[in-house]
1. Grab the Cα-Cα distance for S63 and M48, subtract it from 0.36 nm times how many residues apart they are, and report the gain in nm with one decimal.
2. Can you pull the percent of the chain's accessible area that's carbon plus sulfur, 1.4 Å probe, other chains left in place?
3. What do you get for GluC sites (Glu not before Pro) in region 1-80 restricted to DSSP loop and a cutoff of at most 15 other Cβ within 10 Å of the site's Cβ?
4. With every protein chain present, what accessible area does I65 have (1.4 Å probe, heavy atoms only), rounded to the nearest 10 Å²?
5. S63: accessible area at probe 1.4 Å, nearest 10 Å²?
6. Can you give the helix-only mean residue ellipticity at 222 nm for the chain, where every DSSP H stretch with n ≥ 4 adds -39500 (n - 2.57) and the sum goes over all residues, rounded to the nearest 500 deg cm²/dmol?
7. Per residue, what accessible area does the chain have, given a 1.4 Å probe and all protein chains present, in Å²?
8. Report the gain in length on full extension from T14 to Q89: 0.36 nm times residue separation, minus Cα-Cα distance, nm rounded to one decimal.
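The values are calculated or read from the model by the stated rules, or taken from the named source; none is laboratory data. Bear in mind that the values here come from a model prediction, so they are computed numbers and not experimental data. FYI the Cβ positions are ideal-geometry reconstructions off the backbone, even for glycines, and counts take in every protein chain you see. Heavy atoms of the whole protein, side chains included, go into the accessibility calculation; ligands, DNA and RNA do not. Shrake-Rupley method; radii C 1.70, N 1.55, O 1.52, S 1.80 Å.
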Amino acid sequence: MPLYTYVVSYKGATHIAQGSHSNYRGFISTWCSNIPSGALPALTPALMKELALKAYGEFTPVSNIKNAWRKSIDVDGGECVVVVVQTQQ
């Protein structure tokens, strides 16, 4: 299975996670449910729940980049950006 790197940014902080999956889309647990406490300080426990509810959905291919996708999620009026890069076959 390919290895994917997930880069999650919210209100000036960034968290990076990796996971081997059959595809990058359906595995929100890798990048959303397992964010360590304090990794994204503005993401309170209540906002983590909000993010988890909104995490499913489509990613958009990153223009002119191979094997990279992006999505933006509104969380409490702030933009949570998730970028996925297939880093290994």
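1. 2.5 nm
2. Carbon and sulfur: 53 percent of the exposed surface of the chain.
3. Passing sites in region 1-80 are E58.
4. 100 Å²
5. 90 Å²
6. -3500 deg cm²/dmol
7. Per-residue value: 58 Å².
8. So the chain would gain 24.5 nm between T14 and Q89.
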